[in-house]
Amino acid sequence: MLFAGSGLFTPHGPATYYYNSKTEEGRLLVAELSAQPRLSPNYPAAVNWSSYATSVKNYSGENKTFPGAVRRDIFTFSELKQEAGNHTVCQKDLCCHLTYRMSNKSKDEVYVLGAFDGLHGSVIKYHWQICTLLKCKSTDLSTCGQPAETAQTKFDMFSLSGTFGTNYVFPEVLYSGVQLAPGEFKVLSDGRLQSKNGTSKPLLTVTLFGRCYEKDLPHPLRSFL
């Protein structure tokens, strides 16, 4: 069914998670969670997800863009041709800003910055705003957005932000082997997703998923209820 895992997640990170794309075996996940995490003295501060991104001008440069499909959603991509720099890519109302520095860029790998602002889904359509730094499946740009599970390139640093029109934004960092990276990144109050001390393992993707619930289309079955 193309699903390979799940997890129990908290404001402080994953309590437990499981990922296995090689077999169809499942696993029961059990963890003790706080019933009222907001009462914790170290509960994360509120984040203004668009504060930084709307305060800076788009990073200039001759950054050519091209379309690419991620799970049938057409992203606007721009290749990261240099080992370090600043990058901006936009789609509709969303502009994604990236500052990065690679530590051991592999000649056999291509990374892109991507933006998506639109409806996702074939039957039930819901609205995403997504900023993503991702590794392409191969050096052929037409494969950008196709599933990739391994990487060789590490990053000394990255900082990703976007002009999100929602407060519901969910960060994700994945390492080679589709491994989560708890404790290795931070979210600043102005909406920047940053690495703490570089990446300890090769990087697959850094993503900010924004959900614009008010822009979702009505459920197609509601008219029959």
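Read-outs throughout are calculated quantities, based only on the coordinates presented, and are distinct from any laboratory measurement. If you're wondering where the values come from, they're calculated on a predicted model, not measured in any experiment. Cβ coordinates were reconstructed from backbone atoms using ideal geometry, including for glycine residues, and neighbour counts include every protein chain displayed.
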Item to check | GluC sites (Glu not before Pro) within region 131-225, DSSP loop, no more than 16 other Cβ atoms inside 10 Å | outcome: GLU149, GLU184
Item to check | region 47-142: C-alpha pair distances exceeding 16 Å, % | outcome: 58
Checklist entry - For the chain, which cysteines have no disulfide-compatible partner, meaning no other cysteine Cβ under 4.7 Å? => result CYS212
Item to check | Per-q log10 I(q)/I(0), region 146-201, q = 0.13, 0.15, 0.30 Å⁻¹ (Debye; single scatterer per alpha-carbon; no solvent) | outcome: -0.37, -0.48, -1.28
Item to check | Fluctuation leader among CYS212, CYS96, CYS144 - the chain, Gaussian network, Cα springs under 10 angstrom | outcome: CYS212
Checklist entry - Say each of ALA31 and THR10 gets a label point 7 Å from the Cα, pointing the same way as Cα to Cβ; how far apart are those two points in nm? => result 0.8
Checklist entry - Based on the Cα atoms of region 96-225, what semi-axes does the equivalent ellipsoid have, where each is the square root of 5 times one gyration tensor eigenvalue, given in whole Å with the largest first? => result 29, 18, 12
Checklist outcome for this item: Straight-line reach check, LYS186, cutoff 29 Å on alpha carbons, 8 or more apart in-chain or any other chain, hits among lysines -> LYS57, LYS81, LYS92, LYS105, LYS107, LYS135, LYS137, LYS154, LYS196, LYS201, LYS215
Item to check | Ranked by how many other beta carbons lie within 10 Å on average, peptides 37-43, 106-112 from highest | outcome: 106-112, 37-43
Next on the checklist: With only alpha-carbon pairs counted, each pair once and no self-pairs, how large is the Kirkwood hydrodynamic radius of the chain in angstroms?
Outcome noted: 18.6
Checklist outcome for this item: Here the gain from full extension of LYS81 to SER40, 0.36 nm per residue of separation minus their alpha-carbon distance, amounts to 10.4 nm
Next on the checklist: Could you tell me the calculated FRET efficiency between PHE170 and LYS215, based on Cβ-Cβ distance and R0 = 22 angstrom, to the nearest 0.05?
Outcome noted: 0.85
Next on the checklist: Give me a comma-separated list of calculated 3J(HN,Hα) values for region 18-31, in order, Karplus coefficients 6.51, -1.76, 1.60 applied at θ = phi - 60°, integers in Hz, x for any Gly or Pro.
Outcome noted: 9, 9, 8, 9, 8, 10, 9, 6, x, 8, 7, 9, 9, 8
Checklist outcome for this item: Summing -39500 (n - 2.57) over every DSSP H run of at least 4 residues in the chain and dividing by its residue count gives a helix-only mean residue ellipticity at 222 nm, to the nearest 500 deg cm²/dmol, of -500 deg cm²/dmol
Checklist entry - So for the pair ASN197, SER103, with labels modelled 7 Å out along Cα→Cβ, what separation do we get in nm? => result 1.0
Item to check | Shape call, region 1-87: gyration tensor on alpha carbons, a/c limit 1.5 | outcome: oblate
